[in-house]
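Visitor: Mind having a look at this structure? Questions to follow.
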Amino acid sequence: MTTSPVERAADQFVTALAQWRSERGMTKKQLAARMGFDPSYVSHVEGRRHKPTEDFARRAEAVLSAGGAIWQKFQEYDELRHARGAAAHRDPPVPAQWMPPGTGLIVEREDAELRYSDGAYRCVIRRALYNAGNEPVTRYLMKISVDRYPNDPTGSNQHHRQHPLTWEELDIEAVAGEGEAAEPMQRRLKLDRDASKEVWLLFANEHGQFPLYPGERTTITYGYTVGEEKWGQWFQRAMRLPTRHLTVRLDFPVHFDPQVWGLETSLAAEVPVRTPAERHNEHGRAVFEWSTDQPLLNARYRLEWRFRGAGAPIYEEVAPINGSALPAIEPRASHRMRGIGIVQRGADLLRQRSRHFQLPREEGDAKDAVTALLSALHRLEALHDFSRGVGLAAPQIGLSVAAAVVRPPERDAEPVVLLNPRVVGESGDRDEQYEGCLSFFDYRGLVVRPLRIEVEHARFDGTRVITSFEQAMARLVNHEIDHLDGKLYVDRMAADATLVPVSEYQQAGRPFS
């Protein structure tokens, strides 16, 4: 029976860990892989065979996005473990310090509002920021993206070419701080496209700089306007930073008779939000509000709506072009990929370095991963004709391990299996070709890669070999190794390069030249 305060605190840490792991739908092995530990490590901690460490608590808090609950339990355990005399009676951790030091910039609260008025939407975002990192923060990235017809990418792309976002209409305003202490924030352009803009909001203006130093807090508020002809029937918040609380508010004229619902998209699935948006009417406006605590990192929360009343903006099923509607189109390529279990761009798993197998000790796990990859590859080839060859990395099927399979362009060629691969040599000769990605299948992009690479990789028995790949296979293998390093092909594109929608891509089925 546990009687020691230290043991009770350790039990409380383990309980919090297990509860949040269950809440996120992860097995012990899955959590260990995401944290970068041996597959059995989480099981040992939960079974009290290993004592929790600060590094373990930090990683668990970050992966499970527990809102500081796991970190706080570790702090309580750690204080008792190191207590000496009166130190055993120190005050508990400050609740506001809900993430581990060194985490970086975090959002303690986000309030996002979208209001329709006089033919335009005004979006205002207010974020309470805390610098839990070790360096001063001097800028914050603001992203603006519109999609008039999200279920019709071809029509939407053409629509936004004809009606691009302009800086004049956006009328961006941004301040740091509140009340009389608020400081205007200067802006620096990062991305300028027809349907999306990215701007660095600087903690500086003509009066000087005001960085957010480690341990300090501030609030930033920014707003922009988009005409109704460019805004689709959706408002999405993407959790790119650890966030403690999120509130989304929609504000429409009540005579539009709006109907609102919400979707949550994470690594696991796309599901309805767990609670409905609450509605109240005031002064002729219909206001919908939805909130959540500890939203998942890298999840997307999307409110959608339709108007049933007179005088509301009209959203056609497809975009009108030259006075006529587009014909019905097939589901997006990315939707078909997701339908057979391919993890899509935006998932945190695709941005993590995969764990290497400990061979030959983990030979069974490695064979299981390769079997799963080959099975997924078979499903893929039944869905699409990959005449250029095709590769698949373990993170793309939800496994954070260093395994990939690559099927050469030649028909009936056996797939190449790569375990723990790394590029150890490459030629100076390079070329630029269009690439696609199963996790980003709606677009193609030009990427420069070497024409020959040498790759060191492992066999199941742990022996290491070096294999040389040339031309198309060099590109395919290099692409998959990038996946295992947490990179996508878009990371290798030139800064001024643009993605080509698959509907406009003219080289489908042609071999790499």
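The values are calculated or read from the model by the stated rules, or taken from the named source; none is laboratory data. No experiment lies behind these values; they were computed from the predicted model shown. FYI the Cβ positions are ideal-geometry reconstructions off the backbone, even for glycines, and counts take in every protein chain you see.
Visitor: Take Pro360 and tell me if it is under 20 Å from Glu470 (Cα atoms), assigned by TED's automatic domain parsing to the domain that holds Asn478 and surrounded by fewer than 21 Cβ atoms within 10 Å (Cβ to Cβ). Outline the logic, then answer.
Guide: Values: under 20 Å from Glu470 (Cα atoms): no; assigned by TED's automatic domain parsing to the domain that holds Asn478: yes; surrounded by fewer than 21 Cβ atoms within 10 Å (Cβ to Cβ): yes.
Considered against the rule, which asks whether it is under 20 Å from Glu470 (Cα atoms), assigned by TED's automatic domain parsing to the domain that holds Asn478 and surrounded by fewer than 21 Cβ atoms within 10 Å (Cβ to Cβ), Pro360 comes out as no.
Visitor: Output the number of residues of the range 327-370 satisfying the condition of being in a loop (DSSP other than H, G, I, E, B), modelled with pLDDT of 85 or more and closer than 22 Å to Val63 by Cα. Quick ask: steps written out before the conclusion?
Guide: To start, the set of residues in the range 327-370 that are in a loop (DSSP other than H, G, I, E, B) comprises 327-332, 340-347, 352-354, 356-362.
Subset that is modelled with pLDDT of 85 or more: 342-343, 352-354, 356-362.
Imposing the further condition that a residue be closer than 22 Å to Val63 by Cα reduces the set to 342-343, 352-354, 356-357.
Looking only at that region, the number is 7.
Visitor: Restricting to the range 218-233, count the residues that are farther than 15 Å from Glu113 by Cβ and under 25 Å from the mean Cα position of the chain (by Cα). Before you say what the answer is, go through the steps one by one.
Guide: Let us first name the residues in the range 218-233 that are farther than 15 Å from Glu113 by Cβ, namely 218, 227-230, 232-233.
With under 25 Å from the mean Cα position of the chain (by Cα) added as a condition, the list becomes 218, 230, 232-233.
Counting residues in the range 218-233 that are farther than 15 Å from Glu113 by Cβ and under 25 Å from the mean Cα position of the chain (by Cα) gives 4.
Visitor: Return the only residue of Trp305, Trp290 being closer than 20 Å to Ser65 by Cβ, crowded, with 19+ Cβ neighbours inside 10 Å and at pLDDT 85 or above.
Guide: Answer to the check: Trp290.
Visitor: For the range 419-469, how many residues meet the condition of being among the acidic types (Asp, Glu) and surrounded by 13 or more Cβ atoms within 10 Å (Cβ to Cβ)?
Guide: Count: 6.
Visitor: Also: Exactly one of (1) under 30 Å from Tyr130 (Cβ atoms); (2) in contact (Cβ under 8 Å) with a residue 12 or more places away in the chain; (3) touching an Asp or Glu at 6+ places or on another chain (Cβ under 9 Å) is unmet by Arg285. Its number?
Guide: (1)
Visitor: I'm told Thr225 meets every condition in (1) in contact with a helix residue (DSSP H, G or I) (Cβ under 8 Å, 6 or more places away or on another chain); (2) over 30 Å from Gly341 (Cβ atoms); (3) modelled with pLDDT under 90 except one. Can you identify the failing condition by its number?
Guide: (3)
Visitor: Output the residue which, of all residues in the range 379-418 that are of a type in the set (D, E, K, R) and in contact (Cβ under 8 Å) with a residue 40 or more places away in the chain, is surrounded by the fewest Cβ atoms within 10 Å (Cβ to Cβ). Show your work before the answer.
Guide: Within the range 379-418, the first condition is being of a type in the set (D, E, K, R), and the residues that meet it are 379, 381, 385, 388, 407, 410-412, 414.
In the following step, the residues that additionally are in contact (Cβ under 8 Å) with a residue 40 or more places away in the chain were identified as 385, 388.
Numbers: Asp385: 9, Arg388: 20.
Filtering first and then ranking leaves Asp385.
Visitor: Here is a list: Arg217, Arg249. Which entry is charged (D, E, K, R) and surrounded by 18 or more Cβ atoms within 10 Å (Cβ to Cβ)? So that I can check it myself, show each step before the final result.
Guide: Working: Arg217 fails: surrounded by 18 or more Cβ atoms within 10 Å (Cβ to Cβ).
From the options Arg217, Arg249, the qualifying one is Arg249.
Visitor: Select from the range 292-311 the residues that are on the phi > 0 side of the Ramachandran plot and of a type outside the set (S, T, N, Q) and list them in ascending order.
Guide: Selection gives Gly311 alone.
Visitor: Now for a different question. Restricted to the range 273-287, and to residues that are modelled with pLDDT of 90 or more and hydrophobic (A, V, I, L, M, F, W, C), which residue is surrounded by the most Cβ atoms within 10 Å (Cβ to Cβ)?
Guide: Here the answer is Ala286.
Visitor: Next up: For the range 138-187, name all the residues that are in a helix (DSSP H, G or I) and among the basic types (Lys, Arg). Before the answer, list the steps.
Guide: In the first step, residues of the range 138-187 are kept if they are in a helix (DSSP H, G or I); the result is 153-162, 167-170, 179-181.
Arg161, the sole residue that qualifies.
Visitor: Considering only strands (runs of 3 or more DSSP E) fully contained in the range 420-492, which possess at least 1 residues that are within 27 Å of the chain's Cα centre (by Cα)? Lay out the reasoning, then the answer.
Guide: Numbers: elements: 430-435, 443-450, 452-458, 464-470.
Because the criterion is at least 1 residues that are within 27 Å of the chain's Cα centre (by Cα), the strands (runs of 3 or more DSSP E) in the range 420-492 that meet it are 430-435, 443-450.
Visitor: Determine, yes or no, whether Leu201 is closer than 30 Å to Arg306 by Cβ and of a type in the set (A, V, I, L, M). Working first, answer last.
Guide: Working: closer than 30 Å to Arg306 by Cβ: no; of a type in the set (A, V, I, L, M): yes.
No: the conditions fail for Leu201.
Visitor: Give all pairs with beta carbons closer than 8 Å in which a residue from the range 242-268 that is farther than 15 Å from His283 by Cβ and assigned by TED's automatic domain parsing to the domain that holds Arg279 meets a residue that is assigned to a helix (DSSP H, G or I) and hydrophobic (A, V, I, L, M, F, W, C); count only pairs at least 6 apart in sequence or on separate chains.
Guide: Listed pairs, sorted by first residue: Pro242/Ala62; Leu267/Leu349.
Visitor: So which residues in the range 1-45 are outside any helix (DSSP H, G or I) and under 23 Å from Gly398 (Cβ atoms), if there are any at all?
Guide: Step one: list which residues in the range 1-45 are outside any helix (DSSP H, G or I), which gives 1-4, 24-27, 36-40.
Residues satisfying the conditions are Arg24, Gly25, Met26, Thr27, Gly36, Phe37, Asp38, Pro39, Ser40.
Visitor: Another question, if that's okay. Taking the criterion of being under 19 Å from the mean Cα position of the chain (by Cα) and farther than 30 Å from Arg59 by Cα, would at least one residue in the range 149-164 satisfy it?
Guide: Looking for residues that are under 19 Å from the mean Cα position of the chain (by Cα) and farther than 30 Å from Arg59 by Cα, one finds at least one in the range 149-164, hence yes.
Visitor: How many of the residues making up the range 141-166 are surrounded by 15 or more Cβ atoms within 10 Å (Cβ to Cβ) and either under 30 Å from Ile106 (Cβ atoms) or among the aliphatic types (A, V, I, L, M) (or both)?
Guide: 6
Visitor: Determine the pairs where a residue that is of a type in the set (Ser, Thr, Tyr), located within the range 192-216, has a partner that is assigned to a strand (DSSP E or B) with Cβ atoms under 9 Å apart, the partner being 6 or more residues away or on another chain.
Guide: Matching pairs, first to second residue: Ser196/Lys143; Ser196/Ile144; Ser196/Ser145; Tyr213/Asn131; Tyr213/Val137.
Visitor: Out of all the residues in the range 229-237, is one or more out of contact with any Leu (no Cβ under 8 Å at 6 or more places or on another chain), surrounded by fewer than 18 Cβ atoms within 10 Å (Cβ to Cβ), in contact (Cβ under 8 Å) with a residue 24 or more places away in the chain and under 21 Å from Leu297 (Cα atoms)?
Guide: No: the range 229-237 contains no residue that is out of contact with any Leu (no Cβ under 8 Å at 6 or more places or on another chain), surrounded by fewer than 18 Cβ atoms within 10 Å (Cβ to Cβ), in contact (Cβ under 8 Å) with a residue 24 or more places away in the chain and under 21 Å from Leu297 (Cα atoms).
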